[in-house]
Amino acid sequence: MSDIPRSEYPRPQFVREDWLCLNGEWGFEIDQGDSGIHRGLLERELNSKIIVPFCPESTLSGIGNHDYYNVVWYRRSATIPAEWAGKRVLLHFQAVDYDSTVWVNGQEVGRHRGGFTPFCCDLSGVAAPGEEITIVLRARDEGRKPQPRGKQAREYGPEGAIYVRTTGIWQTVWLEPAPEIALRRPRITPDLANQRFRLEQPISGNAPGLRLRAALSDGEGEVVRAETSAEVDLSPQLDLPIPDDRLKLWAVGEPHLYDLEIALIDADGKVADNATSYAGMRGISIQGKAIKINNKTVFQRLVLDQGYYPDGIMTAPSDAALIEDIELSMAAGFNGARLHQKVFEERFLYHADRLGYIVWGEFGDWGCSGNGPLDGEHQRPGPDYITQWLECLERDYSHPSIVGWCPLNETWQTLTDRITTLDDVTRGLYLATKAMDGTRPVLDTSGYSHRVPEADVYDSHDYTQDPDTFRERHAGTRDGKPYLNNADSWGLPARMVGNINWSIPYRGQPYFVSEFGGIWWNPDVKEGEDSWGYGERPRDLEEFYDRFEKLCAILLDDVSMFGYCYTQLTDIYQEQNGIYKFDRGQKFDLARIRAAQIKAAAIELAEE
């Protein structure tokens with residue numbers, strides 16, 4: 001598949017041996033007025049071409065047009081491998097933005113709403129192995145409508161902290177065979193206290209005598225094997241205990257992963273379905289204001305990563321580019337990232353798992369009246385917010401690199417005596433997250449309008465550039481009075497702000513400044529050009545280093561914080577405040593950037 005773009009296996013935590021990548025050239029047509037179904041686009045060839053999985057706004061797609069599309073159509077033919085005979089054929093779309101309908105051989109086979117998560121179409125009764133199929137997809141993505149879109153622009157072009165839109169297919173399309181009774185995506189939970197993994201294995205159906213078998217192994221061979229009946233339970237469970245002499249932890253910078261083989265065994269003892277996965281043994285706990293990994297204090301030196309690329313927009317140009325972003329972050333002294341306003345593709349998380357890089361998962365909730373869910377006509381988020389977030393949690397639950405969840409970002413609405421849509425949505429997303437995953441801390445919203453008293457974490461955003469003011473703002477953290485975002489965070493005069501607050505009071509949870517810095521610096525861009533960063537631009541490179549070092553030191557020296565998140569990993573279009581250039585070129589002496597964060601190691605050692 002070397003000539004096929006992004007041809008690596010798209011679902012590395014649930015791998016079947018047989019599959020067919022459908023990336024490459026597809027037929028493509030813009031349907032500005034959403035009249036294509038009436039004009040016969042379902043039946044005829046389309047009038048242009050596109051390279052999947054890159055969106056039409058990107059240069060890698062072969063189109064590179066940033067204008068509004070509203071509705072687009074895709075079409076291609078493929079032959080289902082004959083050797084898949086006797087199995088169901090599943091058509092997968094890893095991500096399509098935003099509202100999708102899929103037809104195969106003229107029959108509708110699937111619908112999905114949401115731009116960040118995968119969906120699957122079962123082709124049973126429509127097409128069989130050995131047959132040629134014609135796949136048609138219509139994607140509606142009206143650029144000005146309120147919907148979760150993350151940092152995608154609602155106006156024509158990028159401006160401020162908002163970037164270029166992504167329309168239609170932007171992750172891999174692929175086929176795989178599966179038996180009638182098949183494995184579904186497993187849920188793998190590490191239980192460090194009892195030195196075991198808990199495997200919850202959903203299956204598509206039951207049969208007399210059906211059994212579930214799982215085997216865990218490492219580089220020295222098999223560690224443990226277990227088996228249980230799968231005859232009467234749609235989600236049979238297995239415990240996989242690890243002996244003392246084979247216990248190896250997944251830790252920051254020291255990631256050990258166990259291989260996992262899963263199989264369904266029929267009544268005749270034959271393998272009915274099988275897949276491979278992997279697992280990392282690690283525990284996350286909260287002790288006072290500390291978030292611990294494997295019962296050890298790890299200061300989370302996070303960087304804001306938005307996952308944009310000059311030529312692919314939200315789609316990495318290659319698998320190697322995903323690895324490079326993690327390695328660049330680690331080279332700069334960060335040990336993790338806040339994956340910001342975008343649900344990153346599965347292979348990014350796979351590489352984070354392999355490299356021992358911690359991340360916070362976040363939903364791309366911006367897009368409903370600008371920033372997050374608000375009250376107002378035509379601005380109320382529907383059930384799609386919670387539905388799409390649940391799909392994210394289901395997809396990513398088993399990744400050991402994920403150490404926390406953040407469903408919302410910078411929701412802004414003043415706190416009044418009236419319960420608002422924001423209150424309902426924030427609480428709903430928090431409860432949905434805790435119901436889906438009780439093993440990780442949940443931040444109800446990052447910055448601004450905290451509304452859930454029992455949320456595991458509390459935070460603030462502070463782009464103050466003057467170190468003295470920054471230190472003064474955060475002086476109360478040790479006394480349980482951290483800096484909280486409110487209306488004065490926007491710089492409004494005191495006479496206008498009064499006592500307006502955005503959030504419920506802080507209640508002693510683990511606390512961190514989850515956005516700070518954002519220092520404006522790019523020597524290749526002159527002031528007055530299309531460029532910005534937070535605050536006043538440093539006069540020279542030495543002033544940048546001085547500001548960076550002092551801002552980091554203020555937070556590193558505060559043992560009552562469990563971490564921070566610096567904005568940001570790379571420049572993105574007009575936003576020139578990255579540690580690296582947009583093309584990932586170097587801007588700074590990385591030794592100095594690393595050295596500014598070195599005190600974190602001393603904090604970790606002091607608390608052991």
Starting from the range 146-157, keep only residues that are without any contact (Cβ under 8 Å) to a residue 60 or more places away in the chain, then list their pairs with residues that are outside any loop (DSSP other than H, G, I, E, B) whose Cβ atoms are within a distance under 7 Å, requiring at least 6 positions of separation or different chains.
153/162; 153/163
So the check is Cβ under 7 Å with 6+ separation or different chains; which pairs have a first residue in the range 526-547 that's in a loop (DSSP other than H, G, I, E, B) and a second one that's open to solvent by 50 Å² or more (accessible area, probe 1.4 Å)?
537/527
Just a yes or no: is a residue in the range 323-334 within 24 Å of residue 15 (Cα to Cα), open to solvent by 10 Å² or more (accessible area, probe 1.4 Å) and at pLDDT 95 or above?
yes
Looking at the range 184-205, can you tell me whether even one residue there is out of contact with any Phe, Trp or Tyr (no Cβ under 6 Å at 6 or more places or on another chain), closer than 30 Å to residue 32 by Cβ and either at pLDDT below 95 or buried (at least 21 other Cβ atoms within 10 Å of the Cβ) (or both)?
no
What about residue 263, is it touching a residue at least 40 places away in the same chain (Cβ under 8 Å) and either crowded, with 17+ Cβ neighbours inside 10 Å or not hydrophobic (A, V, I, L, M, F, W, C) (or both)?
yes
Residue set 97, 67; condition among the charged types (D, E, K, R), buried (at least 20 other Cβ atoms within 10 Å of the Cβ) and either over 30 Å from residue 396 (Cα atoms) or touching a Gly at 6+ places or on another chain (Cβ under 9 Å) (or both); output residue 97
Scanning for something open to solvent by 10 Å² or more (accessible area, probe 1.4 Å) and not in a loop (DSSP other than H, G, I, E, B), does the range 343-352 turn up at least one residue?
yes
Please work out which one of (1) surrounded by fewer than 18 Cβ atoms within 10 Å (Cβ to Cβ); (2) in contact with a Gly (Cβ under 8 Å, 6 or more places away or on another chain) is the condition residue 125 fails and give its number.
(2)
Restricting to the range 572-589, count the residues that are under 21 Å from residue 153 (Cβ atoms) and open to solvent by less than 10 Å² (accessible area, probe 1.4 Å).
5
Failed condition for residue 134, given (1) without any contact (Cβ under 8 Å) to a residue 60 or more places away in the chain; (2) surrounded by fewer than 21 Cβ atoms within 10 Å (Cβ to Cβ); (3) β-branched (Val, Ile, Thr); (4) out of contact with any Ser or Thr (no Cβ under 6 Å at 6 or more places or on another chain), with all others met?
(4)
For residue 378, the lone unmet condition from (1) at pLDDT below 95; (2) open to solvent by 30 Å² or more (accessible area, probe 1.4 Å); (3) within 30 Å of residue 14 (Cα to Cα) is (3)
Residue count, the range 18-72 (criterion: in a loop (DSSP other than H, G, I, E, B), among the small types (Gly, Ala, Ser) and either touching a helix residue (DSSP H, G or I) at 6+ places or on another chain (Cβ under 9 Å) or modelled with pLDDT of 95 or more (or both))
6
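The values are calculated or read from the model by the stated rules, or taken from the named source; none is laboratory data. Since the structure is predicted, the reported quantities are computational estimates derived from the model, not experimental observations. Counting neighbours? That spans all protein chains shown, and the Cβs are built from the backbone with ideal geometry, glycine included. All accessible areas refer to the heavy atoms of the entire protein, side chains included, with ligands and DNA or RNA removed. Shrake-Rupley method; radii C 1.70, N 1.55, O 1.52, S 1.80 Å.
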